[in-house]
Amino acid sequence: MKKILILTDIFNRRSYIIDALALRWEKNGYKVCKHYGTKNIPDADIVILHIDSTIVPDKYAGCLARYPVVLNRDALNISKTIFSENIIKLDDAYSGPVIIKTIANCGGIPETNRIKYKWSQLTLQRNWEKVSVLDPAKYPILKDKESVPAGVWKNKHLIVERFLPERRNGLFFVRYWIFFGQKGWAGRFGSKEPIVKFGNMATKEEIVPVPEELKIWRKKLGFDYGRFDYVEHNGKAVLFDANKTVGGGHHMEAYSTQLDFLAAGISDF
């Protein structure tokens, strides 16, 4: 019996898609173990590095050297400064709309050691030089870079990007590519809100082809499993989020068939 080890940390207590995949692997005869932290890590045929942090601590990478197959072994840094091609500086000649984001993934929340912030606090904080956490569903969108508060430019935790939406018929659209090995799919859906999430979806999902640009980024970032969020703006794929610990496992019943397909990607390893 092959053994799959999901290596995570003590803060990984919410529901993830990896948990839904693990149930499928167990039904297919694999032994699946979830281990928290770096002490007394058991043997396994396949290890899935599943640390919900923008930068994986060195201790995790170091303890995995003895394992021959480690998924996302090289996906150790998903800071937006690594892959964003739309970051602008204060003196850049750009006059279009902009969006303020955290450099860290998911509004910087994983970097807070899972302190429970109230979303109202995240949206009302205005000492921009000290802000380190933002509500990722409400990143500020401004008409131009001149409207960006001065403190943002001085803040090492924040970036300013060109706001490049995908729009059609008065709606904003987002695309995503979720993959595990060679299995996966890309989808597209719309919302009335400029920051499009599954929670504010206003259209049906449609399957779309995976852009070659994203395949290149996947290789550069070292992803074996994960999800990329992107838009198509003026005919070009614009990657704006790379996630190696995909959430949503608690409401995946509607995606049962797709998850069966995704789980089959374990055989690629």
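Just so you know, all these numbers are worked out from the coordinates, no wet-lab data involved. What you see is a predicted model, and the numbers here were worked out from it, not measured in a lab. Because the Cβ atoms are built from the backbone with ideal geometry, glycine has one as well, and the counts that use them run over all protein chains shown.
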Residue by residue through the range 178-188, the couplings from Karplus 6.51 cos²θ - 1.76 cosθ + 1.60 with θ = phi - 60°, in Hz, x for Gly and Pro, are 10, 8, 9, x, 8, 9, x, 7, 10, x, 8
Rh_Kirkwood(the chain) over Cα pairs, Å, one decimal, evaluates to 19.7 Å
The equivalent-ellipsoid semi-axes of the range 46-193, taken as the square roots of five times the Cα gyration tensor eigenvalues and listed largest first in whole Å, are 30, 21, 15
Inverse of <1/r> over all distinct C-alpha pairs of the range 1-69, i.e. the Kirkwood Rh in Å, gives 12.6 Å
The long-range amide H neighbours of MET201, using H built 1.01 Å from N in the peptide plane and a cut-off of under 5 Å, are none
In whole Hz, the Karplus estimates of ³J(HN,Hα) for the range 132-147 (6.51, -1.76, 1.60; θ = phi - 60°; x where Gly or Pro) are 10, 9, 9, 6, x, 8, 9, 4, x, 10, 10, 5, 6, 6, 5, 7
Per GNM of the chain with C-alpha springs under 10 angstrom, the most fluctuating residue out of ILE178, ILE48, ILE88 is ILE88
Per the helix-only model, the chain has a calculated mean residue ellipticity at 222 nm (DSSP H runs of ≥4, -39500 (n - 2.57) each, divided over all residues, rounded to the nearest 500) of -4500 deg cm²/dmol
Counting every C-alpha pair in the range 200-243, the percent lying more than 11 Å apart is 73 percent
Computed over the range 166-268, the distribution of all Cα-Cα distances in 10 Å bins, rounded to whole %, is 14, 48, 32, 6, 0
Residues whose built amide H sits under 5 Å from the amide H of HIS233, excluding neighbours closer than 5 in sequence, are VAL238
Within the chain, the percent of DSSP beta bridges that are antiparallel, given to the nearest 5, stands at 75 percent
Output ordering of 163-169, 201-207 (per-residue mean of other Cβ within 10 Å, highest first) is 163-169, 201-207
Reduced to Cα centres, the span from the range 35-57 to the range 164-179 in Å works out to 33 Å
For the range 142-183, the Cα convex hull volume per residue in Å³ comes to 121 Å³
